[in-house]
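The values are calculated or read from the model by the stated rules, or taken from the named source; none is laboratory data. Please read these numbers as outputs of a predicted model, since none were measured by experiment. Cβ placement follows ideal geometry from the backbone for every residue including glycine, while neighbour counts extend to all protein chains displayed. Surface accessibility is based on the protein's heavy atoms, side chains included, excluding ligands, DNA and RNA. Shrake-Rupley method; radii C 1.70, N 1.55, O 1.52, S 1.80 Å.
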Amino acid sequence: VLQIVKESQQQHGLRHGDFQRYRGYCSRRLRRLRKTLNFKMGNRHKFTGKKVTEEILSDNRYLLLILMDAERAWSYAMQLKQEANTEPRKRFHLLSRLRKAVKHAEELERLCESNRVDAKTKLEAQAYMAYLTGMLRFEHQEWKAAMEAFNKCKTIYEKLANAFTEEQAVLYNQRVEEISPNIRYCAYNIGDQSAMNELMQMRLRSGGTEGLLAEKLEALITQTRAKQAATMSEVEWRGRTVPVKIDKVRIFLLGLADNEAAIAQAENEETKERLFESLLSECRDAIQAVREELKPDQKQREHTLENDSGKVSNIQYLHSYLTYIKLSTAIRRNESMAKALQKALLQQQRSDEDGKRSPRPQDLIRLYDIILQNLVELTQLPGLEEDKNFQKEIGLKTLVYKAYRCFFIAQSYVLVKKWSEALVLYERVLKYAREVQSGAGAHRNSLKELPDVQDLITQVNAEKYSLQAAAILDANDPHETESPSQVKDGKPLSERFETFCLDPSLVSKQVNLVHFPPGFQPIPCKPLFFDLALNHVAFPPLEDKVEQKAKSGLTGYIKGIFGFKS
């Protein structure tokens, strides 16, 4: 049962969350099955209901009829669940469809109790029935009944996973992982406080939940933080305590530590990137809430310095603190992406692989440019202009990232064999690194999270020796300068078929095959014909054939009246 359901779902829309497409597939398959089995519900004029009974279970496709009915009802319920976010009335239709799915699952379980069905199918039918029942109870918020149903489903699938090979057990274990968060959520609502921590750990491991539990878990986390935020009244940053009166900001600051812990515990780069984006999105929302509080007090925003103390206002300082969090998080995200690209570059040097686009040093240069831009914005935050320690710390971080940026610019020059430019940039890297080492002093704690400049110095020294050796070999290589077979004369391929020439441009995107557009060439014009004989032809006289002109005057007028003609 589970294998048929999963294969159908993955092949017909559910890989992209398209429940409407999957529902259409279930309807079409039901029609095909009824036509094949000659199990029609009447004709086009009259409906005659039929039920599948144990007596007609001569073909396993009769069980597929019931299963597709249940799947069609379930997929329609999940489609309505997506639409119910904007249209709450559709929730009633959703519950009706889930009840219909459970009804079909009960009929499937009853039919599978027959002696004609093997033990594995019987267990899977029971687990399928328990799964749909748990989902229905979950939507009704009957937590205890839902938890019992999900536990029954989990137990059956675990037993099936242990009874078969590893390849077959993968499918059962995936379903167990899907329903485990639902079980913990039901336990939390029943009163098990430890379930909340387990739900958070599941969320951290996956970088965000999916499916039935996603919205409910996010709402639960927000609700829990909101309760804790009621006791939070102020925050301290760089020796100054600022009151926090905005609820959205309180909730964000309370969840900041959890989000940072989640990023630190992320198992792969994809999960870490998703968590960074989630944290930045929450931070932007909190900053927007603070900006809305700043709008009514326009004069205070224009004149940020107070007359007495010379400090910015509390709300402006809170805005600076949130902006600092946003920029620092963006720097950490870009640094994490840079580390992943560096690993990819090293792997590319060891084993060249074709196919997808390989990373280049230019990609890292772009990331470090963004980091340096974020550091410039940090130095311009209101309220921190006079903080010398902060400015010194940002200055040292800027030197570190400038050193790495210069290093990868030098690497890009090495690839195009610009040895002198690369050597100058390597010297600039060493200059930046020595400035960091000499100016670190009391700021070593703040530089612990940054890349180690000593490792960079060691790597640059090695690259310098390698570069000098490559430059010498390149200068002494006669193959490039003396071989006439590599000399480019600018002629297209169509004009040098008789001459062998090693032209690397023939395998590039800009191939010089022919002159295009072609040049103009003279061609003969179309001849013009002139009739000159006409000037020398004498035509015969025609006076005798031309009718003479009638006489005019009074005599002619009178003759014309009486009909006389000349």
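A few points about this structure:
- Residue-wise HN-Hα coupling along the range 175-187, computed from phi with Karplus coefficients 6.51, -1.76, 1.60 (Hz; x: Gly, Pro): 5, 5, 5, 5, 8, 4, x, 5, 5, 5, 5, 5, 4
- Residue 379 accessible area, 1.4 Å probe, all protein chains in place, Å² to nearest 10: 40
- Ranked from largest to smallest solvent-accessible area, with a 1.4 Å probe on the protein heavy atoms, 419, 74 come out as 419, 74.
- Accessible surface of residue 295 - all protein chains present, 1.4 Å probe, nearest 10 Å²: 120
- Note, ³J(HN,Hα) from phi for the range 368-376, Karplus 6.51, -1.76, 1.60, rounded to Hz, x at Gly and Pro: 5, 4, 5, 4, 5, 5, 5, 5, 4
- Positive contributions from Lys and Arg (+1) and negative ones from Asp and Glu (-1), summed over other residues with Cβ under 12 Å from the Cβ of residue 276, come out at -2.
- Largest to smallest accessible area among 123, 372, 318 [probe 1.4 Å]: 123, 372, 318
- Averaged over residues, the count of other Cβ atoms within 10 Å places the peptides 90-100, 143-153 in the sequence 143-153, 90-100, highest first.
- Count Lys and Arg as plus one, Asp and Glu as minus one, and take only other residues whose Cβ is under 15 Å from that of residue 403; the net charge is then 0.
- Virtual spin-label span in nm between residue 515 and residue 122, 7 Å along Cα→Cβ: 8.8
- Beyond 19 Å in Cα-Cα separation lie the following of the pairs 418/464; 417/464; 50/103; 120/144: 120/144.
- Oblate is the label for the range 44-89. Its Cα gyration tensor axes, ordered a ≥ b ≥ c, give a/c of at least 1.5 and b/c at or above a/b.
- Taking a ≥ b ≥ c as the square roots of the eigenvalues of the Cα gyration tensor, the range 366-465 is prolate, since a/c reaches 1.5 or more and a/b is larger than b/c.
- Accessible-area value, residue 407, 1.4 Å probe, nucleic acids and ligands omitted, Å²: 10
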